[in-house]
Amino acid sequence: MSKPTPLSGFPEWLPPQRAIEQYVVDRIRSTFELYGFAPLETRAVEPLDQLLRKGETSKEVYVLRRLQAAEDASDESLGLHFDLTVPFARYVLENAGKLTFPFRRYQIQKVWRGERPQEGRYREFLQADIDIVDRDTLPFHYEAEIPLVIGDALGALPIPQIRIQVNNRKVCEGFYRGLGLTDPEAALRAVDKLDKIGPDKVAELLIETAGATDSQAKACLRLAEISAPDTSFDAAVRALGVEHPLLDEGLDELVRVMEAAAEHAPGLCVAELKIARGLDYYTGTVYETQLVGFERFGSICSGGRYDNLASTGNERFPGVGISIGVSRLLGLLFGADALSVSRPVPTCVLVALPTEEQRAACDRTAAALRRRGIATEVSPSAAKYGKQIRFAERRGIPYVWFPGSDGAHDTVKDIRSGDQVDADAATWTPPAADLRQQVTGG
RNA sequence: GUGGCUGUAGCUCAAUGGUAGAGCGCCAGGUUGUGGCCCUGGAUACGCCGGUUCAACUCCGGCCAGUCACCCCA
């Protein structure tokens, strides 16, 4: 068999990176649970028609095909989910009778997208998603809670500080309508490109695709320029002189999100009126998250309010949610050398093996340490002690345990300092910092 | 999915149209009470496939992978 090669867009980490990923997921998970989000997992596949309800994303979906399937089975075809929100919406509809509302859940799962990979962009990647849905109507205050959860979840990690950029679709849509534009969606798509192509090109686009006049395009740009770390955006928008009921509603909501953030997490959120979000199902607050100092990475966590994603003929389950791009976040930080782990393996203690005959005794020592939660392995062979120490050193195992011979005490050596002391496997405990792998920034 | 750039040992990098070296790392041995220094020796690479050529790692094409832009978005 020839040497296997990597698959584009399907990253596989080495053990140290995987250790970091698990640590990060554990922390995120515990924060989500602290806010009362219930764990959930949905299947990896959805019927294709369910997945495509979201819009023109068909090209991104990996279709599942049975090798022996008849060719005419296409209308039953399945696709791998490309996010966790759409499957969740389906799940809510399916289980509405068994759930109690408002329902809040988290899901940390792989998703798949058939896109061209590059740094921080993969075809298979991990997302950590929270959503809150309610029946018929969803109180607005959840839109203010979501950023606080994320602030806690990501703030508890050894990663750069985050900044959540917040906007509200109603502000944009109301403003565009108040301005007299008839195709707010097109205007939104044009404004969304502001950072990429600049104001002049956006103005052209607004005129071409959204049917804006020159002065309407300029007004859209003036709205998009507004950015504030507090509620001062409200006055700035009103100063533009556009009136519309939806605009008032949106501004009011955005003010409340910013007020809640100011009280519970000062500096976390910034109102950024150019944030649009590509997905068309958002109807209210939208979020995008940057790492401070790593803005070039783009958004590592985004979401928003959706009113119509989970609805059948007569039932409606409006929701709000956000998703942390765990793989993207980690891939980018790994690339920037901004995350590291204290050792590549969990092992804290290596029990040295004097002779192969003493393996059983060494296994007992290891078992005694493990019983007290100390990750331990026994040396692979009874090589010279120098080699056994090197074995530990290579792996970053901090302690080597030496069985005492002829009734002498066992000893344990910290191979970083060289300190070696008498020790008893029933009582010895390493310093807390050495007990487990430690994840640190930088 | 479209286009650009890149692809030499585990890592960072050399050299050359006539089949490749260094540093670090790795392995073995020596020294060492139980390693880290030092000494000696060793293994490992031209991403893959094809074409041009007497001869290709070096030129050309395709593929794969990485990266960047578009697209889209975590």
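Positive end of the dipole of chain A (Cβ unit charges, origin at the Cα centre): among A:ALA89, A:ALA217, A:GLN388, the Cα lying farthest that way belongs to A:GLN388.
Take every Cα pair under 8 Å whose residues are at least 6 apart in sequence, average their separation, divide by the length of chain A, and the relative contact order is 16 percent. Remark: chain A carries a charge dipole of roughly 1480 debye about the Cα centre, counting +1 on each Lys and Arg Cβ and -1 on each Asp and Glu Cβ. From the Cα gyration tensor of chain A, with a ≥ b ≥ c the square roots of its eigenvalues, which class applies: rounded if a/c is under 1.5, or else prolate if a/b is larger than b/c, or else oblate? The shape class here is prolate. The region of chain A that goes longest without hitting one of the GluC sites (Glu not before Pro) in a DSSP loop, each with at most 15 other Cβ atoms within 10 Å, is A:316-442. Taking 0.36 nm per residue of sequence separation and removing the Cα-Cα distance, the A:GLU185/A:ARG394 pair yields an extension gain of 69.5 nm. Roughly how many Å is it from the Cα centre of segment A:6-24 to that of segment A:145-174, as a whole number? Result: 26 Å between the Cα centres.
Placing R0 at 25 angstrom, the Cβ-Cβ distance between A:SER232 and A:ARG296 gives a FRET efficiency of 0.35 after rounding to 0.05. Would you work out if segment A:165-284 is rounded, prolate or oblate? Take a ≥ b ≥ c from the square roots of the eigenvalues of the alpha-carbon gyration tensor; rounded if a/c is under 1.5, else prolate when a/b is larger than b/c, oblate otherwise. Prolate. Given a Förster distance of 25 Å, report the FRET efficiency between A:ARG43 and A:TRP13 from their Cβ-Cβ distance, rounded to the nearest 0.05. E(calc), rounded to 0.05, equals 0.55. Positive-end ranking of A:VAL257, A:ILE150, A:PHE125 along the dipole of chain A, with charges on Cβ about the Cα centre, is headed by A:PHE125.
Among the listed pairs A:LYS110/A:LYS201; A:LYS387/A:LYS413; A:LYS110/A:LYS274, give every one whose C-alpha distance is greater than 26 Å.
The answer is A:LYS110/A:LYS201; A:LYS110/A:LYS274.
Rounded to the nearest 0.05, what FRET efficiency do A:ALA433 and A:LYS110 have when you use their Cβ-Cβ distance and R0 = 45 Å? Computed FRET efficiency for A:ALA433 and A:LYS110: 0.90. Of interest is the spacing of the C-alpha centroids, which for segment A:294-359 and segment A:244-261 amounts to 32 Å. Ellipticity at 222 nm from helices only: DSSP H runs of n ≥ 4 in chain A, each -39500 (n - 2.57), divided by the residue count, give -11000 deg cm²/dmol.
As a ratio to 2.2 N^0.38 Å, the alpha-carbon radius of gyration computed for segment A:162-232 takes the value 1.07.
Could you check which residue among A:ASP136, A:ASP248, A:ASP422 shows the biggest mean-square fluctuation in a GNM of chain A with a 10 Å Cα cutoff? Of A:ASP136, A:ASP248, A:ASP422, the most mobile in the Gaussian network model is A:ASP422. Using the alpha carbons alone, the radius of gyration of segment A:349-441 stands to its Kirkwood radius in an Rg to Rh ratio of 0.94. Taking a sphere under 11 Å around the Cβ of A:GLY404 and counting the other residues whose Cβ falls inside, with K and R at +1 and D and E at -1, yields a net charge of -4. Cross-link partners for A:LYS170 among the aspartates and glutamates, with Cα-Cα distance under 14 Å and sequence neighbours closer than 8 places in the same chain left out: A:GLU143, A:ASP183, A:GLU185, A:ASP234, A:GLU243, A:ASP248, A:GLU249, A:ASP252, A:GLU253, A:GLU272, A:ASP280, A:ASP307. For segment A:110-200, the relative contact order is 12 percent, taking Cα pairs closer than 8 Å that sit 6 or more residues apart in sequence and dividing their mean separation by the residue count. Other residues whose C-beta falls under 9 angstrom from the C-beta of A:TYR35 contribute a net charge of -2, scoring Lys and Arg +1 and Asp and Glu -1.
Values in this text are rule-based calculations from the coordinates and carry no lab data. Keep in mind that this is a model prediction, so the values were computed, not measured. With ideal geometry, Cβ positions are generated from the backbone for all residues, glycine too; neighbour counts draw on all protein chains shown.
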